[in-house]
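Let me begin by presenting the structure, written as structure tokens, before commenting on it.
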Amino acid sequence: MKVASSHKNLLTLLQKKEISGDVISEEEILEVTEWQSSTFRTYWNKGQLSDFLNEVSDGSFEASNSIEPI
């Protein structure tokens, strides 16, 4: 199955931020995925990103579950 480059780029960002423990801004997500804000919000509101993102403040997220267990 072919995975969209936007999803690959998002996974890379999530893994990097999960390892470092840094917060991710919505702007960073939009930049790496090349999504419109409305696309991100649709995915977010439908719960399609909730396994990997936790909103810690308006527009700021923490990554989780993006790194495979060793």
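The values are calculated or read from the model by the stated rules, or taken from the named source; none is laboratory data. Since this is a predicted model, take the numbers as computed values, not measurements. So basically every Cβ, Gly included, is an ideal-geometry build from the backbone, and we count neighbours across all protein chains shown. Only protein heavy atoms, including side chains, enter the accessible area calculation; ligands, DNA and RNA are left aside. Shrake-Rupley method; radii C 1.70, N 1.55, O 1.52, S 1.80 Å.
Note on S37 and S20: the model spin-label points, each 7 Å out from Cα along the C-beta direction, lie 2.4 nm apart.
In this structure the chain gives 71 Å² per residue of accessible area when probed at 1.4 Å with all protein chains present.
Spin-label model, Q48 to I67: label points 7 Å out along the Cα-to-beta-carbon direction sit 2.7 nm apart. Would you mind telling me the share, in percent, of accessible area of the chain contributed by carbon and sulfur at probe 1.4 angstrom? The computed percentage sits at 48.
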